[in-house]
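The structure appears right after this line, and notes come after that.
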């Protein structure tokens, strides 16, 4: 099984990237590719830019990465209760290449933050909108208080209850 995983943020020190990587590592016998959305940086989407540029190569490449995967694990960072600008921009460009961005792939959607909310607002938005973009949400989890529940040195969740919920969500991809 080929799993594409990424954090929906451009942060080089993303706690969501740590979470997504850990989640993917819980799948045995999976071929895991960790994507960095910084590799897909494009001008800010607008209809004017689309007329000028057409469908940029990087937007097509992002869609192709999804197409060649069997499943997705995405961890959403939350900026002011919503998607990061970096993710929203690549998603907007990609949706012009293929409006069914997720291409009927099974998806596990995750989110975390340093605070007690665990980026649950953006996660709820992502889950509710996924079907409109042909995403089949198989599981989701918001991890609150990241630094209290995840050991970055060991690269794993240290809260047993949260860890079990994550493993259950990820195993739904199989």
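Taken together, the values in this text are just the output of simple stated rules run on the coordinates, not laboratory data. Quick caveat, the model's predicted, so the values are computed rather than measured. Cβ placement follows ideal geometry from the backbone for every residue including glycine, while neighbour counts extend to all protein chains displayed.
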Taking Cα atoms, the helix 85-97 axis meets the longest principal axis of the chain at an angle in degrees (rounded to 10) of 50 degrees
Highest average packing first - 53-61, 85-93, Cβ atoms within 10 Å: 85-93, 53-61
With Cα atoms, 0 to 90° folded angle of helix 120-129 axis to the chain main axis: 50 degrees
Provide 100, 105 in ascending order of the number of other Cβ atoms located within 10 Å of each residue's Cβ, fewest first. 100, 105
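Using only alpha carbon pairs under 8 Å that are at least six residues apart, calculate the relative contact order of the chain and give it in whole percent.
Details: 340 pairs, mean separation 41.2, N = 174.
It rounds to 24 percent for the chain.
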Working from Cα positions, state the angle (0 to 90°, nearest 10) between the long axis of helix 57-67 and the longest principal axis of the chain. 50 degrees
Peptides 3-11, 158-166, 122-130 ordered by average Cβ neighbours within 10 Å, highest first: 3-11, 122-130, 158-166
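Counting other beta carbons within 10 Å of each residue's own, what order do 146, 62 fall into, fewest first?
Ranking 146, 62 by Cβ neighbours within 10 Å, fewest first, gives 146, 62.
Which percent, nearest 5, of DSSP beta bridges in the chain are antiparallel?
Here the antiparallel bridges make up roughly 10 percent for the chain.
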Rounded, prolate or oblate: which fits region 47-124, taking a ≥ b ≥ c as square roots of the Cα gyration tensor eigenvalues, rounded meaning a/c under 1.5, else prolate when a/b beats b/c? oblate
Once both label points are put 7 Å beyond Cα along the C-beta direction, the residue 53-residue 145 separation in nm becomes 4.2 nm
